[in-house]
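First up is the structure itself, then whatever we jot down about it.
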Amino acid sequence: MNLRILHIGLGPLGLRIQSDLLRRNLGATVAAVDPAPGIAGKLLSGLVPGAPAVRIAASLDELSDWESYDVALVTTSSDLRKCAPTFEALLARGVPAVSTCEELIYPWLRHRQLAERLDACAKAGGAQLLGTGVNPGFLMDALPVFATAVCNDVRSLSVARIQDATPRRVPFQKKIGAGLDRADFQKGIDEGWLRHVGLGESLHFCAQYLGFKVASWSETIEPVIATRELECKLGKIAVGQCAGVRQVAVGIVDGKPLLRYEFQAAIGQDDPHDRVLLESDPPIDLVLRGGVHGDLATSAIALNALHAIVAAAPGLHTMATVPMLSCSDAGARRG
């Protein structure tokens with residue numbers, strides 16, 4: 001099945017997804033939306049060479065013929081409350097949607113009432129909604145849960161994502177505070193824009209599907225300080241400036257810290273890797289050396305989720321409730 005795609009949000013990630021969609025021939029973008037002054041009104045083909053000559057709308061209100069869209073891709077914001085009106089508009093019209101909104105990975109943590117509303121809207125419209133991504137979405141949630149498929153019991157879980165942010169896109173480098181001094185780093189935390197979004201969602205996703213009852217949880221955030229001069233897409237980073245961010249989330253179960261999540265992303269990070277460590281029977285220590293490239297993998301998983309969400313039952317989904325994702329070139333050929 002060659003999907004007809006409505007794509008909402010054409011920032012750096014959205015444009016990368018469009019390029020990968022074109023290269024992989026998984027479907028055709030038949031409509032696009034982005035309100036940014038430098039994007040709205042332009043042809044998609046002018047931003048992504050070879051893409052369809054679709055004129056980019058400034059809002060969903062400019063679109064019509066909703067039955068011409070098989071699925072929507074939403075790559076706009078990490079904040080579920082900001083994305084919710086878009087999701088509701090799509091679902092009410094019966095359009096399934098895949099989004100990279102981090103809080104949508106497990107929205108019951110911070111937005112339970114909104115999650116229930118989106119689920120009801122999806123079911124009423126006969127549509128499906130899924131939040132996905134490399135992290136959150138896969139490395140610190142779906143992958144650990146699936147790794148337990150070979151276990152008789154799981155007593156504790158530790159997940160770490162340690163990544164070199166040097167090759168990441170500019171918005172990501174800004175989000176981790178690269179190049180800031182300590183005062184500006186703290187200001188970014190206080191204002192709410194400097195952090196990795198989704199660590200708590202990943203922890204509670206795993207707790208939900210592994211049967212851990214979290215009595216309480218906590219999360220800390222601190223800068224990674226440069227010990228040598230570094231350079232990134234934002235410019236030079238002097239010794240003593242912030243090279244990135246380190247966040248740790250801990251879930252308390254039966255009075256013990258049985259769930260531990262560590263996220264560290266910094267320019268020039270040594271020994272990048274992703275790790276899932278299970279105290280289980282049998283024990284599991286899964287390490288991905290070098291780590292998974294975040295921008296490349298986020299684009300890939302968003303595209304690989306399209307056929308899965310279309311095949312799912314109506315409602316709000318997680319990565320544990322849709323058909324198993326895989327590199328869907330073969331899935332597209334089968335359809």
Given the residues 107, 85, which is the only one that is over 26 Å from residue 291 (Cβ atoms) and not in a helix (DSSP H, G or I)? 107
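Test residue 243 against the stated conditions and say whether it is in a strand (DSSP E or B) and either among the polar types (S, T, N, Q) or in contact (Cβ under 8 Å) with a residue 24 or more places away in the chain (or both).
Taking the combined requirement at face value, the residue satisfies it.
A quick yes/no check of all residues on (1) touching a strand residue (DSSP E or B) at 6+ places or on another chain (Cβ under 8 Å); (2) of a type outside the set (A, V, I, L, M):
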residue: 198; (1), (2): no, yes
residue: 201; (1), (2): no, yes
residue: 207; (1), (2): yes, no
residue: 210; (1), (2): yes, no
residue: 219; (1), (2): yes, yes
residue: 225; (1), (2): yes, no
residue: 236; (1), (2): yes, yes
residue: 239; (1), (2): no, no
Report yes if some residue within segment 110-126 is buried (at least 18 other Cβ atoms within 10 Å of the Cβ), in the same structural domain as residue 314 (by TED's automatic domain parsing), touching a strand residue (DSSP E or B) at 6+ places or on another chain (Cβ under 8 Å) and of a type in the set (Gly, Ala, Ser); otherwise report no. yes
Any chance you could count how many residues in segment 174-193 are touching a Lys or Arg at 6+ places or on another chain (Cβ under 8 Å) and under 30 Å from residue 146 (Cα atoms)? 1
Restricting attention to segment 297-321, and to residues there that are in a helix (DSSP H, G or I) and free of Cβ contacts under 8 Å to residues at least 40 places away in the same chain, which single residue is nearest to residue 116 (Cα to Cα)? 311
Just one of 187, 213 is outside any helix (DSSP H, G or I) and not assigned by TED's automatic domain parsing to the domain that holds residue 79; which is it? 213
Would you be able to say whether some residue in segment 59-79 is of a type outside the set (A, V, I, L, M, F, W, C), farther than 26 Å from residue 297 by Cα and in contact (Cβ under 8 Å) with a residue 60 or more places away in the chain? yes
Looking only at segment 115-136, decide whether some residue is assigned to a loop (DSSP other than H, G, I, E, B) and more than 21 Å from residue 320 (Cβ to Cβ). yes
For residue 167, indicate whether it is surrounded by fewer than 18 Cβ atoms within 10 Å (Cβ to Cβ), assigned by TED's automatic domain parsing to the domain that holds residue 272, closer than 18 Å to residue 101 by Cα and at pLDDT below 95. no
From 53, 72, residue being small (Gly, Ala, Ser), under 21 Å from residue 2 (Cβ atoms), at pLDDT 95 or above and surrounded by 20 or more Cβ atoms within 10 Å (Cβ to Cβ): 72
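The values are calculated or read from the model by the stated rules, or taken from the named source; none is laboratory data. None of the values given here were measured: they were computed from a predicted structure. Here Cβ is always computed from backbone atoms with ideal geometry, including for glycine, and neighbour counts include all displayed protein chains.
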